[in-house]
Amino acid sequence: MTPRAESSKETAPSGRGVPPSQRVVVIGAGIVGNSVAYHLCRLGQTDVTLLDKGPLPNPGGSTGHASNFIFPVDHSKEMTLLTLESMRQYKDRGVFIESGGIEIARTEERMQEFTRRMASACSWGIEPVSLLHPEQVSELVPFIDQRLIRGGFYTPGAGVVDSLRAATMMREEAANDGLTVAANTEVLGIDVEGGRVRRVRTTRGDIETEHVVIACGAWSPRLAAMAGASIPLTPMVHQMIDIGPAPRFANAKGMIEYPIVRDMDTNMYERQEGTNLEIGSYAHRPIALDADEIPSIEEAALTPTELPFTQADFDPQMEIALELMPEIVGDETVGVKYAINGVLSVTYDGMPLLGETAEVPGLWSAAAIWIKEGPGAGKTIAELMVHHESEIDAYESNIARAYACQRTKAHIRARASEGFNKMYGIVHPSEQWESDRGVRLAPFFERERALEAVFFEAAGWERPHWYASNAPLLEEYGERVARREAEWESRWWSPIINAEHLAMRDRAAMIDLTAFAIFDIVGPAALDVAQHVAMRQVNVAIGRVVYTPLLTPSGGFKQDLTIMRLADDHFRVVTGGAYGMSDLKWLQAHLPPDGSAQIHDQTNAWCTLGLWGPRARDILSSLTDDDVSHEGFPFARCRWIEVDSLQVLASRISYVGDLGWELYVPIEQGARLWDVIAEAGAPHGIVPAGIGVYGTTGRLEKCYRAYGFELEADYNVVEAGMAWGKVKDEDFVGKEAHVRHREEEPAALLCALTVDDHTSSAGIKRYMLGGEPILTSDGDPVVDRRGRRSYVTSAGAGPSLGKHILMAYLPPQYAVVGEQLSVQYMGERYQVSVQTNDSTPVFDPENARVRS
Amino acid sequence: MVLVLVESLDDELSRQALTLAASLDDAVHAVSGVGEYAPAGWGRSLLEVIEELSPSAVLAPGTDRGNEVLAHVAAMLDLPMAANCVAISPGDPAAVTRIRWGGSLFEDATVHGSPLLLTVAPHAVAAEPVEVAQLRELEAAGGDGMVRVIEHVPASTAGVSLAEADVVVSGGRGVGSAEGFGVIEELADLLRGAVGCSRAVTSAGWRPHTDQVGQTGTKVAPEIYIACGISGATQHLAGCKGAKKLLAINPDGEASILASADYAVIGDLHEIVPAISAEIRKARGA
Amino acid sequence: MNILVCVKRVPLTGGKIVLTDDARAISTRHLGFTISPHEECGAEEAVRLVEQHGGSSTVLTVGPPEAEEQLRDVMAIGVDRAVHLVTDDEEWDPQATAAAIVDAIREVPEPYDLFLFGNESADAGNYQVPIRVAHALGLPCVTGVKGIAVSDGQLRCEQEVEGGRDIYELSMPAVITVKEGLNLPRYPSVPGRLRAKRKPVEDSTPPRRQPRLEMVRLHLPAGSGKQVEVLGHGPEAAPAVVGILRELGLV
């Protein structure tokens, strides 16, 4: 039997029904759905049906009209890894044409950005890449007007894929292994019973199922809503045109002869294919639509995701392309043959939406994924479904991350629109959103505003990053506060952060920590749940606070957080705001099915004020009759105390390395707490301090690790230098792997480094911001035995030390105190030295302050 | 009485127009042009007949010439004209149903004016025997501005005319290239039929416009229309809905053309069409 | 020679037409707009004739404000300027349309030598506006033309008819309606597109005459009621196809 006949046999044709029951139903047969189905089969899951309401091989979604080019270099490690995995799969299938790609710069600022791209390429191991002079760009792309450009960033490995072909190959291979395919089958409903997905209702019958994967691109929100879940993306329009035939391309030997050009400063791209030139743009006004506004297959003049072209929106882009490539675009004989407003999916934070939805167990999202991430994302989802963890740690893409306020249509549209024109933008690592701010306000907010706080957003919360009212501290600390000369590093930063830090170290600081996510695990089985998820022993006395990693099954980091034991059957989990909802999802997934333990999300019920510094005890004791002495209230304890007229849950821990407490009160009493602390602290010289201190300077001086920076699933506890104490007897997620990690030689060790000399060739002091590659002193990449490159996981000032501190995982041969290495930043190398290679802090290594 | 402009009394479309006319009034008169076609001249001549007979309605078949001559009459009388009607109910105003978009859509409309001027959409009604009271001839008078056909150039192609063919094998975007039409031509030849194509194909330059079937191309009425790799846009279906049977060969099991098809084969036309040709040869060889 | 080409904005429909709730128009929520393929050929012919014989070309439409998009599209392939007779959203009947066009033409100081129309509009298909215009202006008219040659102020037009081609000769000024196949219209170039943005569009709002062919409502044809019979998948279906052909007496 021919393969074709085989696959057609597997296809449920017109009139035929769908299987009555399947383990998994994948909805959507674009590159993502096909890839999910294929990888499920590869992992032995063949009890799978792939549905699409459209015909095959092009069901009419965004895969069908995608521009299909891939530039691998991205500042985001996660996106890069998904892209590299996808490229590998495309190449394996022979559908990748390595055309090379050039990002061109029209400004000096962009050329500087390209040095950052060079650094990211090095950090993530993408080679070769190079910076080009305009003449070199012209040699590769002779039809470009080189007078308009300053230079280029060249990625020879960039290329163009045939995503529809790849999708088809995946489907056909999976069909041979047992995948059922049903095209022209529309989903009418997704039934949820007993809190889980149970059934998919289609135009060809119902399918009883345990898992449903929504891989429906721009339609995904509509499908998720059928099950009462949300997939927070918005369809947006991306305009593109095809012009041709260009005389220069008439003799092109292959389909693609010239590198893809990304005209970064105009948010456009141009690429040759055959005799045509495709011109696309992200520069036009953001055009968002509802998933319900996408036409049906029958109604659409082309496909549903190729909407009518709106010429007026594209006129300025035509002018730009004409100016850049006059020979091709200006040729009167070259016609505009195809022009669409293509629909693509955009999220509120620019990241994909992968994983099990927060609302409905068994309902999975594989959405907001573009061609360059498709196969990698498919593999990741399949692994998450089968193994509960994935080779690529796609935590930034975890759909569970979104808070309720981030799921609203207005928020998604505002952020997607704002992000749209930044598609090729020069985005600062600390860059803040402008739209739809102020949606979550701590009870301290009005006080903070009065103190001229500069607010950054965290998980929707407005959090002071520093206080302009603290500017007088700059005078107080004078030379001890280093100023930054380069504009880039001064952006989204203030020397006031360092001054606040010093005031905290000298006196005391109060810090708004309301963005914490707080969960109570309660019930008879609460201990079992906490014990099962936490690496450290949590069967501790009531009133103990345990700082613990949560591990993945493979022993990587899922999170690090603190757990307070408030009662025998009551554990309070406090975790960072950024991934709070992902953590909640993780915890919920480990609850016993019998209901003997529950989790209550207390995030919006409690606010938190941090009080730290040598005067913290003086301040707190002036407000309470409770014993807050070191003996009466030791480190790592929590207890209810009365502060003025407030009942406060005080937890004596610190993320900044000073004596003090996290003070928790019900959110409606927060303002009062602020006032009493501020008033009692005034005689002691208390200052309000921002997250610049809490998250960066205070933390880095103490070499405290942060999830999402140092701590990722790709690294283990031993490598992170956190394998202190013995492994608890009780079972916990990742235990077996963790025990193994303790026995083996770590491939890398997390080290703290300081910069020996900040001075650039231009004589300006430069300060790294994180993500930069660590090189040997000779300038070679540092790679561990698992192939991981060393890069700066976090960077920031250590004002007490007068040093700039970098954290990085280094292979053991380099993880030696005193070892000299270098770091690549903005096209230059700076000498750095290893200060510590374990968890010993660079400031107050004895931890005397915390335990004073 | 009603007056009908006919090609001839035997002409199928003219007979359809007569049939509809007979439903309006028992007295049906007919007129027919003679001599070289002269649209405005025939119109003027028809106007004279109208003035003489005062019909309540003047009908013509919805052909190029029928529509054209009646439009001249309408322009001269400054009366409305409803083209390509499928149903009429007389009155003041008269109510008609007429086709739009080449038949993809119907319009109910009222026509204000007398006599009622309308043309009858081809194949909207089945022709029935109609007793014609009188058949008159129209002749164009000469004069300034009267255009007429000065020359007729016979078609040079020896093949079967697309509009007349009993079999049309038609290819769409799915054929993929001009060369791809080889298999289509082969099958058409075997069946002594004509090759057709969709607008996408002529736009791509794979076939001449004379092969185009559709609203703005040729309208065909074969015994069977074999649509290969044609998705079935309304504009295309408008040209082939006169076919008695429609066979769609398409990789997509639910392409919109299947909704209009009698038969379908699902799969790649480049494999299926040669297989059909081979099967025909086998059948003939046997 | 000065040429006027007339076009009409119509929706670009897909495989299925959906009507508005009041059934008086096609729902265009998801649709783009275009002009009839006949009119595209008319515009192309106007550009070619001006390229060959000099002069200038003008595109005219009777339509809503949004129809400027179609005027720009036509100017993008090389027509020099546009006249926009702006209407409300309601479609005008052929008499009203022709009258508005005639009034606009009479106001032009430099007379046109040639008026090009599509043989019929893509949507309404009334087959009469150009003929009404010709009568009002006292001009000769040939319809359904698929070949135009100009020499010494004389037009030689070819019309495709059963069994061949009919030839007409007439002197200008004249009204010609054309059919697709007259030429292969060019795609607009990018410079053409950009020039079109700056070309002049003369707007005016003609009075609307009382319609005498008055649209009441639209409706979709009843489904064919056909149930497609799938003869099979792939080449294996060939014998079944030949069976059908045999039944029809074709093999």
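The values are calculated or read from the model by the stated rules, or taken from the named source; none is laboratory data. Everything quoted here is computed from the prediction, not taken from an experiment. Virtual Cβ from ideal backbone geometry, glycine too; neighbours counted across all protein chains shown.
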Suppose we keep only residues that are more than 7 Å from chain C (Cβ to nearest Cβ) and touching a Phe, Trp or Tyr at 6+ places or on another chain (Cβ under 7 Å) within the range A:322-337. Which one would you say is farthest from residue A:282 (Cα to Cα)? A:327
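For (1) farther than 14 Å from residue B:117 by Cα; (2) part of a loop (DSSP other than H, G, I, E, B), each residue gets a yes or a no:
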| residue | (1), (2) |
| --- | --- |
| B:16 | yes, no |
| B:26 | yes, yes |
| B:69 | no, no |
| B:97 | no, no |
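For every residue, the table says whether it meets (1) more than 29 Å from the chain's Cα centre (by Cα); (2) at the interface with another protein chain (Cβ under 7 Å from one of its Cβ atoms); (3) among the acidic types (Asp, Glu).
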residue: B:240; (1), (2), (3): no, no, no
residue: B:244; (1), (2), (3): no, no, no
residue: B:253; (1), (2), (3): yes, yes, no
residue: B:257; (1), (2), (3): no, no, no
residue: B:261; (1), (2), (3): no, yes, no
residue: B:270; (1), (2), (3): yes, no, no
residue: B:274; (1), (2), (3): yes, no, no
residue: B:277; (1), (2), (3): yes, no, no
residue: B:282; (1), (2), (3): yes, no, no
Hey, can you tell me all the residues within the range C:49-88 that are within 14 Å of another protein chain (Cβ to nearest Cβ) and of a type outside the set (A, V, I, L, M)? C:51, C:65, C:66, C:68, C:69, C:70, C:72, C:73, C:78
For the range B:175-198, give me each residue that is assigned to a helix (DSSP H, G or I) and hydrophobic (A, V, I, L, M, F, W, C). B:175, B:181, B:183, B:184, B:187, B:188, B:190
The correct count of residues that are more than 9 Å from chain C (Cβ to nearest Cβ) and touching a strand residue (DSSP E or B) at 6+ places or on another chain (Cβ under 8 Å) in the range B:70-95 is 9
Within the range A:299-344, which residues are hydroxyl-bearing (Ser, Thr, Tyr) and in contact with a strand residue (DSSP E or B) (Cβ under 8 Å, 6 or more places away or on another chain)? A:305, A:310, A:333, A:338
Taking the conditions exactly as written (without any contact (Cβ under 8 Å) to a residue 40 or more places away in the chain, more than 21 Å from residue A:482 (Cβ to Cβ) and not aliphatic (A, V, I, L, M)), does residue A:845 satisfy them or not? yes
Residue within the range A:267-283 that is touching a Lys or Arg at 6+ places or on another chain (Cβ under 8 Å) and over 27 Å from residue A:247 (Cβ atoms) present: no
Candidate set from the range B:209-223 (those that are surrounded by 24 or more Cβ atoms within 10 Å (Cβ to Cβ) and either out of contact with any Cys (no Cβ under 6 Å at 6 or more places or on another chain) or within 11 Å of another protein chain (Cβ to nearest Cβ) (or both)); member that is nearest to residue C:41 (Cα to Cα): B:216
Six or more apart or on different chains, Cβ atoms under 7 Å: show the pairs whose first residue is in the range B:41-60 and within 14 Å of residue B:137 (Cα to Cα) and whose second is charged (D, E, K, R). B:41/B:148; B:45/B:139; B:49/B:136
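Residue-by-condition table, conditions (1) without any contact (Cβ under 8 Å) to a residue 60 or more places away in the chain; (2) under 22 Å from residue A:60 (Cβ atoms):
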| position | (1), (2) |
| --- | --- |
| B:227 | yes, yes |
| B:233 | yes, yes |
| B:239 | no, no |
| B:244 | yes, no |
| B:249 | yes, yes |
Out of A:125, A:157, I need the residue that is crowded, with 18+ Cβ neighbours inside 10 Å and either assigned to a strand (DSSP E or B) or out of contact with any helix residue (DSSP H, G or I) (no Cβ under 6 Å at 6 or more places or on another chain) (or both). Which one? A:157
Here the residues within the range C:1-40 that are in a strand (DSSP E or B) and either within 19 Å of residue B:236 (Cβ to Cβ) or facing another protein chain (nearest Cβ under 7 Å) (or both) are C:10, C:11, C:12, C:26, C:32, C:34
Tell me, please, whether a residue that is in a helix (DSSP H, G or I) and of a type in the set (Asp, Glu) can be found in the range B:107-125. no
Residues that are part of a helix (DSSP H, G or I) and among the charged types (D, E, K, R), drawn from the range A:394-448: A:396, A:401, A:409, A:413, A:415, A:418, A:446, A:447, A:448
Tell me which of these residue A:593 doesn't satisfy, since it passes every other one: (1) over 14 Å from residue A:653 (Cβ atoms); (2) modelled with pLDDT of 95 or more; (3) surrounded by fewer than 20 Cβ atoms within 10 Å (Cβ to Cβ); (4) not polar (S, T, N, Q). (2)
Could you identify the single residue in C:61, C:87, C:28 that is in contact with a strand residue (DSSP E or B) (Cβ under 7 Å, 6 or more places away or on another chain), more than 17 Å from residue C:119 (Cβ to Cβ), of a type in the set (S, T, N, Q) and modelled with pLDDT of 95 or more? C:87
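Each row is one residue, and each column tells you yes or no for (1) out of contact with any helix residue (DSSP H, G or I) (no Cβ under 6 Å at 6 or more places or on another chain); (2) outside the structural domain of residue A:557 (by TED's automatic domain parsing); (3) of a type in the set (A, V, I, L, M, F, W, C); (4) outside any helix (DSSP H, G or I).
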position	(1), (2), (3), (4)
A:664	yes, no, no, yes
A:668	yes, no, no, no
A:676	yes, no, yes, no
A:695	yes, no, no, no
Look through the range A:289-303, keep the residues that are within 9 Å of chain C (Cβ to nearest Cβ) and among the small types (Gly, Ala, Ser), and return whichever of them is farthest from residue A:415 (Cα to Cα). A:301
Within the range C:193-224, can you find the residues that are more than 7 Å from every other protein chain (Cβ to nearest Cβ) and of a type in the set (Gly, Ala, Ser)? C:196, C:204, C:222, C:223
Within the range A:304-321, the residues that are surrounded by 20 or more Cβ atoms within 10 Å (Cβ to Cβ) and either closer than 27 Å to residue A:105 by Cβ or more than 9 Å from chain C (Cβ to nearest Cβ) (or both) are A:305, A:306, A:314, A:317, A:318, A:320, A:321
Please go through (1) without any contact (Cβ under 8 Å) to a residue 40 or more places away in the chain; (2) closer than 30 Å to residue C:150 by Cα for residue C:30 and return the number of the only condition it doesn't satisfy. (2)
Selected residue (only one of A:816, A:823, A:850 is assigned to a strand (DSSP E or B) and aliphatic (A, V, I, L, M)): A:823
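Yes/no matrix, rows are residues, columns are (1) within 22 Å of residue A:257 (Cβ to Cβ); (2) buried (at least 21 other Cβ atoms within 10 Å of the Cβ); (3) within 29 Å of the chain's Cα centre (by Cα):
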| residue | (1), (2), (3) |
| --- | --- |
| A:114 | no, yes, yes |
| A:130 | yes, no, yes |
| A:133 | yes, no, no |
| A:137 | yes, yes, no |
| A:153 | yes, yes, yes |
| A:179 | no, yes, no |
Could you figure out which of (1) within 7 Å of chain B (Cβ to nearest Cβ); (2) outside any strand (DSSP E or B); (3) touching a Ser or Thr at 6+ places or on another chain (Cβ under 6 Å); (4) not charged (D, E, K, R) isn't true of residue C:181? (3)
